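*Asks:* Let me give you the structure first, and then I'll get to my questions.
Every number here is computed from the coordinates shown, using simple stated rules; none is lab data. Quick caveat, the model's predicted, so the values are computed rather than measured. Note: ideal-geometry Cβ built from the backbone for every residue, glycine included; neighbour counts use all protein chains shown.
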Amino acid sequence: MMACRNHNLSIFCRVTGALSALLLLGACALPDEAFRNYSAANRVNQWNNVLNALGGGSVKRAESAGHGPLFNGAASMNVPTHSASINNIARLFAGLDSSYSQTPAVIAHKMRMDNLWAVHQNARRIPLQSWASAEISDIRHANAMFYPFSGPDFLFASALFPAAETYVLCGLEPAEPLPRLSDLSQGEIDAGLTGLHNAVSTIMQSGYFITTEMRSTLQATRFRGVLPLLMAFMARTGHTVDSVDTVRLDGTGNVTLSGSSGNTGLMIRCHSPLGGSKRVFYFRQDLSNGGVRAGGSFLTFVSRLGRVPAFLKSASYLMHQGDFSNIRDYLLRHSSAIVQDPSGVPYRDFARYGWDLWLYGNYRGTLPIFSGCQQPDLMDAYSSGRYQVKPLNFGIGYLMNPQTTSLMVGRPRR
């Protein structure tokens, strides 16, 4: 034990010295001009490497010197450069108190979102959190999590993994710039808030996005893409949004800052109600075999988080198809655990990769729209007595009836 403490003290001293050197070299912050052309990317990586040496790779809040943005990816998304202003917009989107004029439309949006949140809290979030505390306490405090096929669903990610410092979400929906609110008419703002409510209502009430519906709703107003939804969910779950940046992955899976919109990803910094700092990555990513492969940039990026838990919900049974075998096999080879509904990894593949399973609910088949993806072996697993199946008092994914819902937890035998 004493040797371990001395080793940690030695690391701390070395890191403190390195940090001091960097502070002297950079005068606490790099000049805005450096960030405008991103020539400072290497020095940012040096900071990250030093902080990672402290252990755990903790996320650190970062502020620029003076009044400029730390990174100007925010400018490309029309996001304010000051944290208070960014969070103020997030609260407006979420239907929470903000500094924006309390017009009839803003007040109506607040009432609608309050009602949605109350339904979601009682029917979904609180029961899910209680279940997770009892059943996956070894998983839910992981430092990072991976949520394939998530779209902008920070809602469920934060409910299951409240302690994570890094979240990786992905979907096919784009991240588009916000409109400048000062440039919009009151009618455009009103329509945008209504569209935002409509886009989140399905997941907050039923627990999943209807992708085509969400896409058409998002494109129908000036509040387009996934960013307004992500910001609204962060504010509603008690998080404070600090910054928004556009990012892309290079060919070796490293995140690089990107100064223009229309790129593959977002990095949103926020902090939790308890003050813990977080990074939420959203990538517009095709997860079919044509879009991802082992050793490709996206999965290499995810792998650098270490062995982390994955969450799968309302994944359209895509991994039951041969064309999604790369992402399915990656999850089974690299995840520390998988929490999912039956639309994720097929039941049969867990045994093939040597995983242990815990079953919850009472699976009796899937919805008629997915009739080709029934899993008779999973139905048999529920009824055969081979598992000590525990009941659920909430629905999840496509199976919203608690009497016929299903939740599965897999842990690898290694």
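*Asks:* Hey, can you rank 161-168, 123-130 by average C-beta count inside 10 Å, highest first?
*Replies:* By packing density, highest mean first, the sequence is 161-168, 123-130.
*Asks:* Estimate the FRET efficiency between ASP380 and ARG307 by the formula 1/(1 + (r/R0)^6), using the beta-carbon distance for r and 30 Å for R0, to the nearest 0.05.
*Replies:* 0.50
*Asks:* Cα-Cα pairs above 17 Å in region 304-365: how many percent?
*Replies:* That tail contains 37 percent of the Cα-Cα pairs.
*Asks:* How much length, in nm to one decimal, is gained on full extension between SER325 and ARG348, taken as 0.36 nm per residue of separation minus their Cα-Cα distance?
*Replies:* Separation in residues times 0.36 nm, less the Cα-Cα distance, equals 6.9 nm.
*Asks:* Going by average Cβ neighbours within 10 Å, how do the peptides 319-328, 304-313 rank, with the highest at the top?
*Replies:* Going by the mean number of other Cβ atoms within 10 Å, highest first, we get 304-313, 319-328.
*Asks:* Can you bin region 244-309 into rounded, prolate or oblate? Criterion: square roots of the alpha carbon gyration tensor eigenvalues sorted a ≥ b ≥ c, rounded for a/c under 1.5, prolate for a/b above b/c, oblate for the rest.
*Replies:* Since a/c reaches 1.5 but b/c is at least a/b, the shape of region 244-309 is classed as oblate.
*Asks:* If you don't mind, another one. Distance from the Cα centre of region 266-283 to that of region 134-176, in angstrom?
*Replies:* Going from one Cα centre to the other spans 11 Å.
*Asks:* Additional query: Stretch GLN129-SER101 to full length: gain in nm at 0.36 nm per residue minus the Cα-Cα span?
*Replies:* Additional length available on full extension: 6.6 nm.
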